[in-house]
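**Q** Have a look at this one.
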Amino acid sequence: MEKKIIGTDAAPAPIGPYNQAVQFGNMLFISGQIALDAATGELVQGDIKAETQKVMENLQAILKAAGMDFSNVLKSTIFLMDMGQFAQVNEVYGGYFKEDPPARETVQVAGLPKGVKVEISVIAAK
C-alpha cells in the first residue's frame with residue numbers, strides 16, 4: 001500500500017508541517033480542522049456553533065476530495081476549550097451524522113491553534 005496525500009482548496013491550507021489528510025489503503029486520516037475560512041484564511045468569528053459549523057464544513061470538503069462523506073467516518077476526536085460548550089458543539093456535530101455515528105472522544109484542552117474554541121479530527125474508511 002502507498003501513502004497518498006489528500007488536499008483541497010475548499011478547506012484551509014495547513015498552517016504548519018502537516019497535510020489536510022493522508023490516505024493509506026482504504027483509511028483516511030484527516031488532520032484537526034479549525035474554523036478557518038478556506039477562501040480568506042480568516043477565522044470564523046461568532047459563537048461556538050458558528051465555529052463548529054465551519055469546522056464540519058472543512059472536514060466535509062476534505063472527505064469529498066477523498067471521494068468520501070460523513071458516512072465513511074469511523075472515529076472522531078473533538079478538542080474543546082470549554083467543556084461547558086459541549087451541548088452546543090454536539091448539536092451541530094450531530095447534524096452531520098444522521099445514522100450510525102462514529103466512535104468519538106471529546107476532551108477539554110488548555111489551548112488550541114489561533115485561539116479557537118473547537119478543533120475536530122476524523123478517521124474514515126471506504
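**Q** For segment 1-60, what are the residues that are without any contact (Cβ under 8 Å) to a residue 60 or more places away in the chain and of a type in the set (Val, Ile, Thr)?
**A** Selection gives Ile5, Thr8, Val22, Thr40, Val44.
**Q** Hey, can you tell me all the residues within segment 14-65 that are over 10 Å from the mean Cα position of the chain (by Cα) and among the small types (Gly, Ala, Ser)?
**A** Residues satisfying the conditions are Gly16, Ala21, Gly25, Ala38, Ala39, Gly41, Gly46, Ala50, Ala65.
**Q** Do we have any residue at all in segment 58-73 that's crowded, with 19+ Cβ neighbours inside 10 Å and among the polar types (S, T, N, Q)?
**A** yes
**Q** Among (1) open to solvent by less than 60 Å² (accessible area, probe 1.4 Å); (2) in contact with a strand residue (DSSP E or B) (Cβ under 6 Å, 6 or more places away or on another chain), there is one condition Glu105 misses while meeting the rest; what is its number?
**A** Result: Glu105 passes all but (1).
**Q** Condition test on Thr77, is it over 19 Å from Leu28 (Cα atoms) and among the hydroxyl-bearing types (Ser, Thr, Tyr)?
**A** For Thr77, the condition - over 19 Å from Leu28 (Cα atoms) and among the hydroxyl-bearing types (Ser, Thr, Tyr) - is not met.
**Q** Being open to solvent by 70 Å² or more (accessible area, probe 1.4 Å), at positive phi, of a type in the set (Lys, Arg) and touching a residue at least 24 places away in the same chain (Cβ under 8 Å) is the requirement here; does Lys114 meet it?
**A** Yes: the conditions hold for Lys114.
**Q** Just one of Ser121, Ser71 is in contact with a helix residue (DSSP H, G or I) (Cβ under 9 Å, 6 or more places away or on another chain) and of a type in the set (Gly, Ala, Ser); which is it?
**A** Matching residue, one of Ser121, Ser71: Ser121.
**Q** Just need a number here: residues in segment 1-50 that are within 14 Å of Pro113 (Cα to Cα), open to solvent by 40 Å² or more (accessible area, probe 1.4 Å) and not in a loop (DSSP other than H, G, I, E, B).
**A** 1
Residues checked against (1) aliphatic (A, V, I, L, M); (2) at pLDDT below 95; (3) under 16 Å from Val89 (Cβ atoms):
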| site | (1), (2), (3) |
| --- | --- |
| Ile5 | yes, no, no |
| Ile34 | yes, no, yes |
| Val44 | yes, yes, yes |
| Lys54 | no, no, yes |
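**Q** Could you list, in sequence order, the residues of segment 63-121 that are among the polar types (S, T, N, Q) and under 25 Å from Asn19 (Cβ atoms)?
**A** Correct list: Ser71, Asn72, Ser76, Thr77, Thr106, Ser121.
The values are calculated or read from the model by the stated rules, or taken from the named source; none is laboratory data. Model, not experiment: these values are computed from the prediction. We place every Cβ from the backbone using ideal geometry, glycine too, and count neighbours over all the protein chains shown. Heads up: the accessible areas ignore ligands, DNA and RNA and are worked out on the full protein's heavy atoms, side chains in. Shrake-Rupley method; radii C 1.70, N 1.55, O 1.52, S 1.80 Å.
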